[in-house]
Amino acid sequence: MVELPFEVIWKRRQEFPLLRDIDRYTVTYFSYFQMRDLWMELAELAQSLEGDMRDTLEALIERAQTGSEEPHTYLVFLGD
């Protein structure tokens, strides 16, 4: 399990309206309808990161891209 870079997301929260709503302490769901915008935010965030975190976000972007094409699909972030 990987923790998202919440400090970076919070500093740039105006740019990431979906990512900023991920609650690090509870479960957050994104529907297939939201995933297109979500993966665009993840791609923007990934550009500012390096190493393992960037690789992890790129894998997450792939899942969000695939999920955005399939109705009744959800991307779930598990909190603390």
*Given only helices, namely DSSP H runs of n ≥ 4 each adding -39500 (n - 2.57), what is the per-residue ellipticity at 222 nm of the chain, to the nearest 500 deg cm²/dmol?*
-15500 deg cm²/dmol
*Calculate one ³J(HN,Hα) per residue across segment 37-48 by plugging θ = phi - 60° into the Karplus curve 6.51 cos²θ - 1.76 cosθ + 1.60, and present them in order as whole Hz with x for glycine and proline.*
5, 5, 5, 5, 5, 4, 5, 5, 5, 4, 4, 8
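Let's see if you can work this out: charge +1 on each Lys and Arg Cβ, -1 on each Asp and Glu Cβ, no other charges. What is the dipole magnitude of the chain about its Cα centre, in debye to the nearest 20? Present the calculation step by step, with values, prior to reporting the outcome.
Numbers: 8 positive and 16 negative charges, 49 e Å.
Roughly 240 debye, rounded to the nearest 20.
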*How high is the relative contact order of the chain, in percent, counting Cα pairs under 8 Å that sit 6 or more residues apart?*
40 percent
*Taking amide hydrogens as modeled 1.01 Å from N in the peptide plane, which residues meet the under 5 Å criterion relative to T73, leaving out close sequence neighbours?*
Y32
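We did not get these values from a lab; they are worked out from the coordinates using the rules stated. Just so it is clear, the model here is predicted, and its values are computed rather than measured. When we count neighbours, we look across all protein chains shown, and the Cβ atoms used for this are built from the backbone with ideal geometry, even at glycine.
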